Each structure stands twice: as C-alpha cells, then as structure tokens.
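A.B. asks: One structure, pasted below without further comment.
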C-alpha cells in the first residue's frame, strides 16, 4: 500500500507544510469540534473505520451525515469496500493520524478528483454571523468534471469553479433556481433545481459524481447565524426541492470518531 500526497489547497482550509490545518471558528466550543462526512464516490458503498473499529456499515454514495460534536482529538480513518471482511485488505482511502482541533466546524468529503481518482478533501464551514435578511450560500466542486459555472436564474454567479475548490456568496434570503453548467457554456450538468436559502443560515451545495453515474447535488445547512452564536451552530443534511430530479440525500449520524490528542488535520490518500 503506497501512501500518496497529503491533501492541501482545499478552499476554506489553511495549508501548512506537511498537512492541512482546520481553522477553529469562534462559534465552536473550546474543547470540541463539529464534523460531518459526505460520501460522494458513485457506485462504491463503503464501510468506514476509525482506529481499526467499524463506525459506519454500508455507507452509501450520496449520504451526508448529520454533524457530530466530537471531543478534539486524533484518529486513523479508513474506507473499505462494503463487502470487505472486517476491514481487511487495502483501503480505498485512508486518513492516518487525523487530528481534529478544538473549535473546528468541518465537512470531510470522500469524492473523485477531476480525473476520477478517489480522494478525501476537508472543508472548513464558515459559521460567522450572516447579516439580517441575508443568507450565505457556498458551492463546492467535488465531481469528476472540469471547471463549471454556477447559475442562478440562468445568470452565472460563480464562474470557472474547479475541483476541489469552493465559492461563497452572501445573498438575500429566499428561493433561487440554480443549475451547474460546464464553464463558459450553456451545457447543463446538474439541475435546474430550486434552493431555499434561509435567513441567517449557511447553505452548502456539493456537486459530486461522474459522467458514467451522473452528476448530483448534496445540500448541507448550518443554521443559527443571525448574529455571533454563543455555541456551535447546529446543522442538517438538507435537500433541494422534493419536486426536482435530484436524489434524496439521507442523514446519518457518525459516532465515536475521536480519540485523545490535538493538532493539524492531515488527510493522506492511499491507492492499492
């Protein structure tokens, strides 16, 4: 098993030599972190292990966990094919020596790179205050696809977004019709779909998938940011309008991911 490069350059996180640091937000508790996990690798059910113990059985593509409040700590994370016996063999992905610092609010995404290789990418979720009457919307490109434009009502609002980058906008609260097109074209890859952007909330939209399985959206909502919160904001795995053609994204809690320790978050991708 060969360990490949440490992931860096994910938008919303600060890169450092030899690893990636999740920046603690002032909204988070002093000794805990909020962590969600999105499975964005098509046609690949997995079992999720931490420190050799199976935490999620048969984790299905398109599933986004509810945020879990974890004690700050360090652990080894591995994703195995769902039919692998007791985590044996070579993991599809691994994250060894992961340390989640106190105060972080993050989402870790298992997804495909632009060229279709599986990878783990961490994103820090912005939990700062949102102005009155406004909503925050973040788009994250985690699909096996080239650069894309994100349109609202047919007008590009984010242009040239590449995997695994993100873009964030503050907009009036309300409902928008959004779609994703190949950059500089009118070729629709995802949507259109209605997105309800609640006042004082952060709506995070993930584009995931590939050309063979299709491109899809997962939506995460973090609420309670009308003003600077005194604790860690809650969050939920959300959906676009039920009438859209986009798939349902199920909510699933993850338990027991943390162990003692603290430090920088390092995610190493392994390939068999």
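A.B. asks: Out of 173, 167, which single residue is over 25 Å from residue 59 (Cβ atoms), under 16 Å from the mean Cα position of the chain (by Cα), surrounded by 15 or more Cβ atoms within 10 Å (Cβ to Cβ) and at pLDDT 85 or above?
C.D. replies: Details: 173 fails: under 16 Å from the mean Cα position of the chain (by Cα).
It is 167.
A.B. asks: For the range 237-250, state whether one or more residues are assigned to a loop (DSSP other than H, G, I, E, B), under 17 Å from the mean Cα position of the chain (by Cα), at pLDDT 95 or above and farther than 29 Å from residue 94 by Cβ.
C.D. replies: no
A.B. asks: Here are 47, 58: which of them is at positive phi and at pLDDT 90 or above?
C.D. replies: Values: 47 fails: at positive phi.
Testing whether each residue is at positive phi and at pLDDT 90 or above leaves just 58.
A.B. asks: Condition test on residue 160, is it closer than 27 Å to residue 67 by Cα and out of contact with any helix residue (DSSP H, G or I) (no Cβ under 8 Å at 6 or more places or on another chain)?
C.D. replies: Answer is no for this residue.
A.B. asks: Does residue 156 satisfy being at pLDDT 95 or above, surrounded by fewer than 18 Cβ atoms within 10 Å (Cβ to Cβ) and part of a loop (DSSP other than H, G, I, E, B)?
C.D. replies: It is false that residue 156 is at pLDDT 95 or above, surrounded by fewer than 18 Cβ atoms within 10 Å (Cβ to Cβ) and part of a loop (DSSP other than H, G, I, E, B).
A.B. asks: Let me ask another. Kindly provide the set of residues from the range 177-198 that are free of Cβ contacts under 8 Å to residues at least 12 places away in the same chain and part of a strand (DSSP E or B), ordered by number.
C.D. replies: 188
A.B. asks: Tally up the residues in the range 79-113 that are loosely packed, with under 15 Cβ neighbours inside 10 Å and in a loop (DSSP other than H, G, I, E, B), please.
C.D. replies: Residues that pass the stated criteria total 4.
Here's the yes/no breakdown for (1) surrounded by 16 or more Cβ atoms within 10 Å (Cβ to Cβ); (2) closer than 20 Å to residue 42 by Cβ; (3) more than 18 Å from the chain's Cα centre (by Cα):
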| position | (1), (2), (3) |
| --- | --- |
| 137 | yes, no, no |
| 163 | yes, yes, no |
| 192 | yes, no, yes |
| 196 | yes, no, yes |
| 210 | yes, yes, no |
| 223 | yes, no, no |
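A.B. asks: Criterion first (part of a strand (DSSP E or B) and in contact with a strand residue (DSSP E or B) (Cβ under 7 Å, 6 or more places away or on another chain)) does residue 126 satisfy it?
C.D. replies: no
The values are calculated or read from the model by the stated rules, or taken from the named source; none is laboratory data. Note that this is a predicted model, so its numbers are computed, not measured. Here Cβ is always computed from backbone atoms with ideal geometry, including for glycine, and neighbour counts include all displayed protein chains.
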